[in-house]
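Report on one structure; see the data block that follows.
The values are calculated or read from the model by the stated rules, or taken from the named source; none is laboratory data. Since we're looking at a predicted model, the values are computed, not measured. We place every Cβ from the backbone using ideal geometry, glycine too, and count neighbours over all the protein chains shown. Surface accessibility is based on the protein's heavy atoms, side chains included, excluding ligands, DNA and RNA. Shrake-Rupley method; radii C 1.70, N 1.55, O 1.52, S 1.80 Å.
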Amino acid sequence: QKEVEQNSGPLSVPEGAIASLNCTYSDRGSQSFFWYRQYSGKSPELIMFIYSNGDKEDGRFTAQLNKASQYVSLLIRDSQPSDSATYLCAVNIYNQGGKLIFGQGTELSVKP
Amino acid sequence: GAGVSQSPRYKVAKRGQDVALRCDPISGHVSLFWYQQALGQGPEFLTYFQNEAQLDKSGLPSDRFFAERPEGSVSTLKIQRTQQEDSAVYLCASSAQGYGYTFGSGTRLTVV
């Protein structure tokens, strides 16, 4: 079992819809959680991070964390074609410094 | 500098050649990370520095891989006797706090 798992997709949603991206992790020592966006041929860029159970909102993005279920998700409201990219979930584990464990990424396609 | 700078942007090496990849982090960032990203996969952790100290090198795939950061700023990732399986994008990231970091543009290494 991989430490961080994501559905590789592709996930296709129409413009204006809500895109829901999911991630599960195996290590209960995981303490902080990150979502990165990666356009084709580019490097990952940080969208959001979350440490506590519940929801965290930033503009059109909402991160949701459920530590009991070892599950973190990213919701993108009013999806735009420019949101089409691969979304990477990453986890930082307690006592492992700043090291992040990444999932394989979910490819999102927003159709006009 | 304004961002994390990596060079070269692209590198083609013949199998068996040695290569050196450079990373210039954001000025003042204490933590520096190297990741390897194969096509269609998420980044895989290689190694981590805090200032000049290499605190974690557990992700280096073999003793052909070596990283250094002698003055706590610029870092070099060296790969000796390159193999085809070393072909990947090598990403460098830096952080002031140790996580939630900023990636450079990466070096795409192709071993032929």
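3J(HN,Hα) along the stretch B:51-65: 6, 8, 7, 8, 8, 8, 10, 5, x, 5, x, 7, 6, 7, 9 Hz, from the Karplus curve 6.51 cos²θ - 1.76 cosθ + 1.60 with θ = phi - 60°, whole Hz, x for Gly and Pro. Scanning residues 5 or more positions from A:Leu108 or on other chains, those with amide H under 5 Å from its amide H are A:Leu11, A:Ala85, A:Thr86, A:Tyr87, with H placed 1.01 Å from N in the peptide plane. Charged neighbours of A:Leu74, selected by a Cβ distance under 15 Å, balance to -4 (K, R count +1; D, E count -1). For the protein assembly as shown, with all protein chains in place and a probe radius of 1.4 Å, 45% of the accessible heavy-atom surface sits on carbon or sulfur.
Remark: C-alpha extents of chain A on the principal axes read 44, 29, 22 Å, sorted largest to smallest.
Against the empirical 2.2 N^0.38 Å (N residues), chain B has a Cα radius of gyration ratio of 0.98.
Counted by Cβ distance under 12 Å from B:Gln17, the other residues give a net charge of +4, where Lys and Arg count +1 and Asp and Glu count -1.
For chain A, the relative contact order comes to 38 percent (Cα pairs under 8 Å, sequence separation of at least 6). For B:Ser58, what is the net charge nearby, where nearby means another residue's Cβ is under 14 Å from its Cβ and Lys, Arg count +1, Asp, Glu -1? Combined, the nearby Lys, Arg, Asp and Glu give -2. The alpha-carbon atoms of the protein assembly as shown define a convex hull whose volume equals 124 cubic angstrom per residue. Measuring between alpha carbons in the structure, the pairs from A:Lys42/A:Lys99; A:Lys42/B:Lys11; A:Lys111/B:Lys11; A:Lys2/B:Lys57; A:Lys67/B:Lys57; A:Lys2/B:Lys11 lying more than 26 angstrom apart are A:Lys111/B:Lys11; A:Lys67/B:Lys57; A:Lys2/B:Lys11.
A 1.4 Å probe over all protein chains sorts A:Asp83, B:Asp18, B:Asp24, B:Asp63 by accessible area into B:Asp63, B:Asp18, B:Asp24, A:Asp83, starting with the largest.
Please name which of A:Pro44, A:Ala17, A:Gly29 has its Cα lying farthest along the dipole of the stretch A:1-103 towards the positive end, using unit charges on Cβ (Lys, Arg +1; Asp, Glu -1) and the Cα centre as origin. Going by the Cα projections, it comes out as A:Gly29. Placing +1 on each Lys and Arg Cβ and -1 on each Asp and Glu Cβ, with no other charges, gives the stretch A:18-112 a dipole about its Cα centre of roughly 120 debye.
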